[in-house]
Amino acid sequence: MNDCLFCKIIKGDIPSDKVYEDEEILAFKDINPAAPIHILVIPKKHISSLIDIEPEDEMLIGKIYSVINKIAEQQGVKEKGYRVIVNCGEDGGQEVMHLHFHLLAGRKLGEKII
Ligand code: AMP
Ligand code: ZN
């Protein structure tokens, strides 16, 4: 997608602080961190939102969670724990329309709403 911010980051047109990359997935530090560790994990395939996932994407989504675990280990937060958030759509508070998983860690995350 030409006008997608995260597709531009994947292409390297916009710089990012990468922490993980393979052929299907990219992870980079959030520009406005909400916790000491705040990493965005995204598929390189442009999927706009969680609601747009197709059956063919199921393996990819499963792999994203494995990658999140790997990153948590690399970042040294495996033992203490972390939170994964996916905002979906307007009511979910999604601002960037390229599917992304927020990995938050490094402090006690107290603001649970569920
Ligand atoms: P969401 O509100 O779930 O769509 O999250 C979008 C996230 O993207 C926010 O946490 C932003 O801080 C983050 N963000 C926006 N632009 C950039 C960028 N250029 N590099 C890294 N993170 C970004
Ligand atoms: Zn995109």
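The values are calculated or read from the model by the stated rules, or taken from the named source; none is laboratory data. Source: prediction; values computed, not measured. Every residue, glycine as well, gets a Cβ built from its backbone with ideal geometry; the counts of neighbours run over all protein chains shown. To get the accessible areas, we keep the full protein, side chains included, count just its heavy atoms, and leave off ligands, DNA and RNA. Shrake-Rupley method; radii C 1.70, N 1.55, O 1.52, S 1.80 Å.
Round to the nearest 0.05 the FRET efficiency obtained for Glu23 and Lys108 when R0 = 25 Å and r is the Cβ-Cβ distance.
Numbers: r = 35 Å, r/R0 = 1.42.
Rounded to the nearest 0.05, the efficiency is 0.10.
Kindly express, to the nearest 10 degrees and within the range 0 to 90, the angle between helix 58-74's C-alpha long axis and the longest C-alpha principal axis of the chain.
With rounding to tens, the tilt is 40 degrees.
Quick one: length gained pulling Cys88 to Lys8 fully straight, 0.36 nm per residue minus the C-alpha distance? List each step's numbers first, then the result.
Working: separation 80, 0.36 × 80 = 28.80 nm, distance 2.05 nm.
Gain on stretching Cys88 to Lys8: 26.7 nm.
May I ask which residue of His38, Gly92, Asn2 lies farthest towards the positive end of the charge dipole of the chain, with charges of +1 (Lys, Arg) and -1 (Asp, Glu) on Cβ and the Cα centre as origin?
Toward the positive end, the furthest listed residue is His38.
Considering the convex hull of the alpha carbon atoms of region 56-114, report its projected area averaged over all viewing directions, in nm², one decimal. Write down the numbers at each step before the final one.
Values: hull surface 20.6 nm².
Over all viewing directions, region 56-114 projects a mean Cα-hull area of 5.1 nm².
Given a 1.4 angstrom probe, what's the average accessible area per residue across region 5-105, in square angstrom? Present the calculation step by step, with values, prior to reporting the outcome.
Details: 5770 Å² over 101 residues.
I get 57 Å² per residue for region 5-105.
If DNA, RNA and ligands are ignored and the probe is 1.4 Å, what is the ranking of Arg107, Arg83 by accessible area, most exposed first?
Details: Arg107 100, Arg83 60 Å².
Per-residue accessible area, sorted high to low, gives Arg107, Arg83.
So how much slack lies between Asp57 and Glu73, counting 0.36 nm per residue of separation and subtracting their Cα-Cα distance, in nm? Working shown, then result.
Working: separation 16, 0.36 × 16 = 5.76 nm, distance 2.48 nm.
Value of the extension gain: 3.3 nm.
Please compare each pair in Lys8/Lys44; Lys8/Lys45; Lys63/Lys112 to a cut-off of 20 Å on the Cα-Cα distance and tell me which ones are over it. Let's see the in-between values first.
Values: Lys8/Lys44 10 Å; Lys8/Lys45 12 Å; Lys63/Lys112 26 Å.
Exceeds cut-off: Lys63/Lys112.
Students sometimes get this wrong: rank Glu79, Glu56, Glu111 by accessible area, probe 1.4 Å, all chains present, largest first.
Numbers: Glu79 165, Glu56 140, Glu111 115 Å².
So, going from the largest accessible area down, we get Glu79, Glu56, Glu111.
Could you tell me which Cys residues in the chain have no other cysteine's Cβ under 4.7 Å from their own Cβ, answering none if every one has a partner?
Lone cysteines by the Cβ rule: Cys88.
So, with a 1.4 angstrom probe, what is the percent of accessible area on the chain that is carbon and sulfur? Intermediate results must be reported in sequence, preceding the final value.
On the way: 3720 of 7180 Å².
Using a 1.4 Å probe with all protein chains present, the chain comes out at 52 percent carbon and sulfur.
So what is Rg over Rh here for the chain, counting just Cα atoms and using Kirkwood for Rh?
Details: Rg = 13.7 Å, Rh = 14.6 Å.
So for the chain, dividing Rg by the Kirkwood Rh gives 0.94.
For labels at Met1 and Ser48 in the simple 7 Å Cα→Cβ model, what's the distance in nm?
0.7
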